[in-house]
Structure formats: C-alpha cells, structure tokens
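Taking it in order: structure first as structure tokens, then the write-up.
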Amino acid sequence: MIADVMMAKAETVLVDDDLEEVLDRMASSDLPAIVALDGTSFAGVITRVDVQRAIEDGADTETVTVRAIAMDEQRHCRMRDDDATALATMDATSSDWLAVFDEADALQGLVERGKLQGHGAGARPRPNPALDGASDQDSENPGLSVHDMEPKLTD
C-alpha cells in the first residue's frame with residue numbers, strides 16, 4: 001500500500017505563485033516536488049525538473065507562474081492504492097512523484113517512484129535527476145505545510 005512508503009510531508013504552492021516561490025519552497029523544505037493548489041483544490045504536482053525545463057525554455061522565474069507550467073491533475077493516488085497502481089499512474093503521467101490523498105480527499109503527503117521500486121511492485125528502474133540531494137526526513141518541518149488551507153482533491 002502507498003501508505004507504507006509515502007512521505008507524510010508535503011509543501012504547497014498556489015497556481016498563481018511565481019517559479020521563484022516554488023524554488024524557495026523546494027529549497028526550504030528539501031523536497032524536489034510540491035503540490036500545486038488552485039484555491040484549496042488540487043491542481044497538480046510540480047517538480048524541480050518541471051521548473052528546470054521551464055527555465056531552460058526561457059521562463060523568467062519572477063514572472064512565470066505555476067499555472068504556466070504543464071501540470072497534470074492526474075498526478076495523484078490514494079493511501080490505500082497498491083504500488084502497481086501508483087506506478088501505472090506515474091508511467092501514464094510521465095512523473096516520478098504523486099500527491100497522496102486519503103478517502104476523504106484530504107492531502108496526506110507525497111510518494112516518489114524510488115520508494116515504490118523494490119517495494120514489491122516489480123518496477124523498472126528509472127533515473128530521476130530531481131531526486132539528487134532530496135530527503136524525505138526533515139525534523140524541523142514534519143508533516144504537511146498547507147499554509148492555513150485544507151487541500152482537497154475536489155471542492
């Protein structure tokens with residue numbers, strides 16, 4: 001189950017935040033993936049690789065917003081899902097990270113491909129430069145950072 005390997009930690013940004021804010025949140029949280037919200041609704045997951053690609057394509061980090069980067073609101077799974085289901089979603093969305101929601105559609109954390117590999121799903125290895133130097137442990141900032149919001153999968 002995803003609940004066995006997920007990080008009970010997530011950082012959030014709003015879709016109207018600029019990429020500089022995303023980079024700041026990634027640096028302060030030591031997470032290479034952040035949940036994007038449209039108000040309090042889930043809009044997708046943005047990764048360090050997504051931001052790097054936008055910058056390589058000429059994006060100005062102070063003016064380009066999260067909304068401008070192609071995100072996929074399908075980048076999510078449920079805590080009760082099995083590893084194979086999450087890996088299939090990752091393959092379908094070309095993502096190495098998924099937001100994890102509980103049965104009440106409340107954000108519970110993140111799961112990354114590397115945690116699923118070898119966990120019984122028979123996943124094929126896939127390199128992920130976004131994970132370089134990433135940590136899923138942060139003793140000073142445990143749990144979710146939702147900025148006084150309760151992110152939901154749906155309104």
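The values are calculated or read from the model by the stated rules, or taken from the named source; none is laboratory data. Just so you know, these numbers come straight off a predicted model, no measurement behind them. The area values use the complete protein model at the heavy-atom level, side chains included, leaving out ligands, DNA and RNA. Shrake-Rupley method; radii C 1.70, N 1.55, O 1.52, S 1.80 Å.
What to note about this one:
- Of ILE55, ILE34, the order by accessible heavy-atom surface (1.4 Å probe, DNA, RNA and ligands excluded), from most exposed downward, is ILE55, ILE34.
- Database remark: amide H of ARG78 closer than 5 angstrom to the amide H of PHE101 (H placed geometrically; neighbours at sequence offset of 5 or more, or on other chains; Pro and chain starts carry no H).
- Backbone amide hydrogens, once placed in the peptide plane, bring LEU14 within less than 5 Å of LEU37, excluding anything fewer than 5 places away on its chain.
- In percent, rounded to a whole number, the relative contact order of segment 13-115 is 23, using alpha-carbon pairs under 8 Å and six or more apart.
- Counted over segment 1-86, the DSSP beta bridges are approximately 70% antiparallel.
- In terms of accessible area, using a 1.4 Å probe and ignoring ligands and nucleic acids, ASP82, ASP30, ASP17 rank largest first as ASP82, ASP30, ASP17.
- Applying the Karplus relation 6.51 cos²θ - 1.76 cosθ + 1.60 with θ = phi - 60° to segment 76-85 yields 3J(HN,Hα) values of 8, 8, 10, 4, 7, 5, 8, 4, 4, 5 Hz, where x marks Gly and Pro.
- Here the accessible area of segment 1-96 is 44 percent carbon and sulfur, with a 1.4 angstrom probe and all protein chains present.
- Accessible area of segment 1-84 divided out per residue, in Å², using a probe of 1.4 angstrom: 44 Å²
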